[in-house]
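Participant: One structure is given below, represented as structure tokens, and several questions about it will come after.
The values are calculated or read from the model by the stated rules, or taken from the named source; none is laboratory data. Note that the structure is predicted; figures quoted are calculated from it, not measured. Please note: Cβ atoms are built from the backbone with ideal geometry, for glycine as well, and neighbour counts cover all protein chains shown.
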Amino acid sequence: MENIYSLIGFHAQQDWELLDGYSKTITGVVANIAEAVVHIQVQKQVTDKRTAQKRIMPGSGSGFIISSDGFIVTNNHVIENADEIKVSLSDGRTIRAELKGTDPSTDIAVLKIYENGLKALSFGNSDNLQAGQIAIAIGNPLGLQHTVTTGVVSALGRTLRANNGRMIDDVIQTDASLNPGNSGGPLVNSLGQVIGVNTATIASAQGLCFAVSSNIAKYIAGKLIMHGKVRRAYLGIGGQVINLTERMIAANKLEKKTGVYVFEVVADQPVYNNEIKNGDIIVEFNDCSIGTVDDLHKQLTEETMRQKVKMMVLRNGRKVLIEVIPGEMK
């Protein structure tokens, strides 16, 4: 019996040492990065739908400092339509923030506070993430500042629909608990590097939380700091997904079973779309196969703006090669 108890005690000691190692990792990361996590408070003017009267509605979220001179990353939906933005630092100071730029298509925004010597976080490479690795979230859920939750990277490569209808690609799924107010806060790895920007939860589920990957957030933040916006192209058309018949797919040797049906061509736009006709089905753009509106959005990048691009459409059931010149989305 003594041997059994000794064995149990040995395994219990092993479990405690493992747990203690995990705890040390979490507490070490939190101690190192907490100073760079901020509480964002906003004032928004809203119109009461019932009385049509305007009133001020407060809101809050999270963010994190990415440079020692005060650039801050958060979610677009945290500061959208805000009349006033204030940032509370870990030392108790509350500072008015300036909005430098927003990108609704990825739900990323950048703020600026005019302070120096601030603690800043660095971005990790989200391409190196693996499902199952430690994920740590810090934010201000329901106004409870510097709340820490932990979990793992549950899955990679998810997509989310942004408020403006575009898809956000390369989204990280995590079971680190997030609540209202966590939005815009960092999701970090065991080295304290930002691997994602906490963005969304599914209210009816448990343990299904999402973050915009660090590689996308870093790219978008850089564009917003430099230009105040992310430049994207557009064609000046209205389109929707349509299923293609097996005969159309076989006759035209298409890769996808759907295409983008053009139901409207908007004239007098700063684009060249004269060769597109209502009823055309877009199946290829710039040598890339197109099956959905999201496929088309991915190709309408800054690089294609004001450039002559070849586009393949189905017209009367047959492939027709046309040219377009996308304009810049305002």
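Participant: Taking the residues in region 244-280 that are part of a strand (DSSP E or B) and under 29 Å from the mean Cα position of the chain (by Cα) as candidates, determine which candidate is surrounded by the most Cβ atoms within 10 Å (Cβ to Cβ).
Facilitator: Across region 244-280, the extreme among qualifying residues is G259.
Results for (1) surrounded by 13 or more Cβ atoms within 10 Å (Cβ to Cβ); (2) in the same structural domain as D103 (by TED's automatic domain parsing); (3) basic (K, R); (4) at pLDDT below 90, shown as yes or no for each residue.
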{"site": "I282", "(1), (2), (3), (4)": "yes, no, no, no"}
{"site": "F285", "(1), (2), (3), (4)": "yes, no, no, no"}
{"site": "S289", "(1), (2), (3), (4)": "yes, no, no, no"}
{"site": "L300", "(1), (2), (3), (4)": "yes, no, no, no"}
{"site": "K308", "(1), (2), (3), (4)": "no, no, yes, no"}
{"site": "M311", "(1), (2), (3), (4)": "yes, no, no, no"}
{"site": "L314", "(1), (2), (3), (4)": "yes, no, no, no"}
{"site": "L321", "(1), (2), (3), (4)": "no, no, no, no"}
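Participant: Answer with yes or no whether S105 is surrounded by 16 or more Cβ atoms within 10 Å (Cβ to Cβ) and under 17 Å from the mean Cα position of the chain (by Cα).
Facilitator: It is true that S105 is surrounded by 16 or more Cβ atoms within 10 Å (Cβ to Cβ) and under 17 Å from the mean Cα position of the chain (by Cα).
Participant: For region 132-149, give me each residue that is over 18 Å from the mean Cα position of the chain (by Cα), closer than 21 Å to T74 by Cβ and among the β-branched types (V, I, T).
Facilitator: Answer for region 132-149, where residues must be over 18 Å from the mean Cα position of the chain (by Cα), closer than 21 Å to T74 by Cβ and among the β-branched types (V, I, T): T147, V148, T149.
Participant: Name the residue, out of S183, S154, that is out of contact with any Lys or Arg (no Cβ under 9 Å at 6 or more places or on another chain), at negative phi and part of a loop (DSSP other than H, G, I, E, B).
Facilitator: S183
Participant: Another question about this same structure. Could you say which residue among I172, I168 is of a type in the set (A, V, I, L, M, F, W, C), surrounded by fewer than 24 Cβ atoms within 10 Å (Cβ to Cβ) and assigned to a strand (DSSP E or B)?
Facilitator: One residue alone meets the criteria, I168.
Participant: Looking at A82, A135, A131, A97, which is the one that is surrounded by 22 or more Cβ atoms within 10 Å (Cβ to Cβ), among the small types (G, A, S) and either free of Cβ contacts under 8 Å to residues at least 24 places away in the same chain or farther than 21 Å from A31 by Cα (or both)?
Facilitator: Only one candidate passes the filter, namely A97.
Participant: Can you name every residue in region 202-239 that is part of a strand (DSSP E or B) and surrounded by fewer than 19 Cβ atoms within 10 Å (Cβ to Cβ)?
Facilitator: Within region 202-239, just G238 meets the criteria.
Participant: Conditions: (1) in contact with a Leu (Cβ under 9 Å, 6 or more places away or on another chain); (2) part of a loop (DSSP other than H, G, I, E, B); (3) among the acidic types (D, E). D91 meets all but one. Number of the miss?
Facilitator: The one condition D91 does not meet is (1).
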